[in-house]
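Worksheet for the structure shown next.
The values are calculated or read from the model by the stated rules, or taken from the named source; none is laboratory data. Just so it is clear, the structure is predicted and the values come from calculations on it, not from any experiment. Here Cβ is always computed from backbone atoms with ideal geometry, including for glycine, and neighbour counts include all displayed protein chains.
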Amino acid sequence: MFESIVSAFKRAARLGRPARSLKDFDISSLLDRPQRRIDLRAASKLIHGKRVLITGAGGTIGSELARQTAGFQPAKLALVDNSEFNLYEIDMELREAGHGASLFSSLTDVTRIEHLTRVFDLVKPEIVLHAAAYKHVPIVEQNRCAAAQVNVMGAKLVFDAAVRVKAETVVFISTDKAVNPSSFMGATKRIAELYAQALDVAQSETRFTTVRFGNVFGSTGSVAPLFTRQIAHGGPVTVTHPDIKRFFMTTKEAVQLVLQAASLESGEKSIVSHDGRVFVLDMGEPVLILDLAKRMIEASGLVPGKDIEIRFSGLRPGEKLFEEIFLDTDKLISTGADGVLLGSPAMIDLPLLNPRLSDVLKAANIADQKALDEAVHALVPEFSPALGEGQGARQTPR
């Protein structure tokens, strides 16, 4: 498979046009660890014959959630996305794979409560997988009000709707950037985590599972597709900083672990009660982005620094040198499932959380960024709005 990557890159470079999409490659061969062999029997039991709703179903994670969920034969699979083209692509893919009978696709914005209410009332999902979010750190830094509407209000509306229809399980797809966040995107995801945690404790019918993980190799907006395009066009390959590191996981592996984490909380022998804890995916050792760039250039049959220049562009607004998947105070424990750990991040009870959350949403809805920054900082004190305003964001030591 590695040879196929090499030949693909060579052909693209020779012809002077972009290489094939990374999804055509076995990109796991560019990582230093083997993918896990994950037992998904519990996930199959969780989903089989159930009504499942996926938000952000056209995105990188959402579409893979849709593929794997469809394979477990749910009674109904509702795909929710606000991008017509992305929704069309995953809808057609699943219909061509023979899943059309259970499929329901809805062009719905998670920030539109009337539209979201209609979908939840039609589907009455038993399982909700919430992947919809704005996630590109520099873009979110420049569009904070819009991002807060989607990442905070959208999550709140989805979670509230799930409780209202008495869904059994809600799985919230979070990120390592929610830990000690230097970016506004990370701060908004942490707020959504706080709301999921508070709801999990405040009621007993719907279980909320939050799953954190790092970068998905090859996802939209990530470095791997960028490097592929830059190599195919003869360079330069741009790396923000020589010391920057990231955790990486393939899309398939990340989604398998998400479903495994969700299924750990089902059944009589649940390891977790309604206590607002958060699952953390073990992503192995972080990858030096400079090394990744060099390996991708070499995989194309070219020589870094000779055939393809590597240029350092500087840290972007809101960007850290090193990401964290948990804090030392989280006290991670083993779940017994390979690759899935359980943490206990700080919580805020719902009566105390709701007024502060209202401040965030009010500021976002009237596009008052100053008030929004203050409200977000009040909820997530470790986030400083000034960190994302210029180059050289927080450089977290390891």
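Return the pairs, sorted by first residue and then second, in which the second residue is β-branched (Val, Ile, Thr), the first residue lies in the range 102-117 and is without any contact (Cβ under 8 Å) to a residue 24 or more places away in the chain, the beta carbons are less than 7 Å apart, and the residues are 6+ apart or on different chains.
115/108
The rows are residues; the columns are (1) surrounded by fewer than 23 Cβ atoms within 10 Å (Cβ to Cβ); (2) under 21 Å from the mean Cα position of the chain (by Cα); (3) modelled with pLDDT of 85 or more.
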| residue | (1), (2), (3) |
| --- | --- |
| 268 | yes, no, no |
| 271 | yes, no, no |
| 276 | no, yes, no |
| 279 | no, yes, yes |
| 284 | yes, yes, no |
| 291 | yes, no, no |
| 303 | yes, no, yes |
| 312 | yes, no, yes |
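Any idea how many residues of the range 120-140 are in a helix (DSSP H, G or I) and surrounded by 21 or more Cβ atoms within 10 Å (Cβ to Cβ)?
Summing the residues that are in a helix (DSSP H, G or I) and surrounded by 21 or more Cβ atoms within 10 Å (Cβ to Cβ) in the range 120-140 gives 3.
Mind counting the residues in the range 69-101 that are buried (at least 18 other Cβ atoms within 10 Å of the Cβ) and farther than 21 Å from residue 166 by Cβ?
11
What do you reckon, is residue 259 modelled with pLDDT of 85 or more and closer than 16 Å to residue 335 by Cα?
Yes.
When the range 158-184 is examined, which residues are found to be within 14 Å of residue 195 (Cα to Cα) and assigned to a strand (DSSP E or B)? Let's see the steps before the verdict.
The initial filter retains those residues of the range 158-184 that are within 14 Å of residue 195 (Cα to Cα), namely 158-163, 170-174, 178.
Listed by number, the residues that qualify are 170, 171, 172, 173.
Just checking, which of 96, 64 is among the acidic types (Asp, Glu) and within 20 Å of residue 211 (Cα to Cα)?
Values: 96 fails: within 20 Å of residue 211 (Cα to Cα).
After ruling out the rest, the residue left standing is 64.
Could you grab me the full set of residues in the range 358-367 that are under 17 Å from residue 189 (Cα atoms) and without any contact (Cβ under 8 Å) to a residue 40 or more places away in the chain?
358, 359
Within the range 335-357, can you find the residues that are surrounded by 14 or more Cβ atoms within 10 Å (Cβ to Cβ), touching a residue at least 24 places away in the same chain (Cβ under 8 Å) and not in a strand (DSSP E or B)?
335, 337, 339, 344, 345, 347, 348, 350, 353, 357
For residue 155, which of the numbered conditions (1) within 18 Å of the chain's Cα centre (by Cα); (2) touching a residue at least 60 places away in the same chain (Cβ under 8 Å); (3) within 18 Å of residue 58 (Cα to Cα); (4) part of a helix (DSSP H, G or I) fails to hold?
Evaluating residue 155 over (1) within 18 Å of the chain's Cα centre (by Cα); (2) touching a residue at least 60 places away in the same chain (Cβ under 8 Å); (3) within 18 Å of residue 58 (Cα to Cα); (4) part of a helix (DSSP H, G or I) leaves (2) as the failure.
Say whether the condition of being part of a loop (DSSP other than H, G, I, E, B) and within 19 Å of the chain's Cα centre (by Cα) is met by at least one residue in the range 78-100.
yes
Scan the range 45-77 residue by residue and report those that are in a helix (DSSP H, G or I), in contact (Cβ under 8 Å) with a residue 40 or more places away in the chain and in contact with a strand residue (DSSP E or B) (Cβ under 9 Å, 6 or more places away or on another chain).
46, 47, 60, 61, 62, 64, 65, 69
Here is a yes/no grid of residues against (1) in a strand (DSSP E or B); (2) in contact (Cβ under 8 Å) with a residue 60 or more places away in the chain; (3) farther than 24 Å from residue 315 by Cα; (4) in contact with a Ser or Thr (Cβ under 8 Å, 6 or more places away or on another chain):
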{"position": "191", "(1), (2), (3), (4)": "no, yes, yes, no"}
{"position": "197", "(1), (2), (3), (4)": "no, yes, yes, yes"}
{"position": "211", "(1), (2), (3), (4)": "yes, yes, yes, yes"}
{"position": "227", "(1), (2), (3), (4)": "no, yes, no, no"}
{"position": "231", "(1), (2), (3), (4)": "no, yes, no, yes"}
{"position": "234", "(1), (2), (3), (4)": "no, yes, no, no"}
{"position": "238", "(1), (2), (3), (4)": "yes, yes, no, yes"}
{"position": "241", "(1), (2), (3), (4)": "no, yes, no, no"}
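Need the failing condition index for residue 152 against (1) β-branched (Val, Ile, Thr); (2) at pLDDT 95 or above; (3) under 29 Å from residue 378 (Cα atoms); (4) surrounded by fewer than 24 Cβ atoms within 10 Å (Cβ to Cβ), just the number.
Exception for residue 152: condition (4).
Taking the range 358-376 on its own, how many of its residues are within 16 Å of residue 151 (Cβ to Cβ) and surrounded by 15 or more Cβ atoms within 10 Å (Cβ to Cβ)?
Counting residues in the range 358-376 that are within 16 Å of residue 151 (Cβ to Cβ) and surrounded by 15 or more Cβ atoms within 10 Å (Cβ to Cβ) gives 10.
Being under 14 Å from residue 125 (Cα atoms) and touching a residue at least 12 places away in the same chain (Cβ under 8 Å) is the requirement here; does residue 164 meet it?
Values: under 14 Å from residue 125 (Cα atoms): yes; touching a residue at least 12 places away in the same chain (Cβ under 8 Å): yes.
So residue 164 passes the test.
Restricting the range 216-233 to residues that are surrounded by fewer than 23 Cβ atoms within 10 Å (Cβ to Cβ) and of a type in the set (S, T, N, Q), which is modelled with the highest pLDDT?
230
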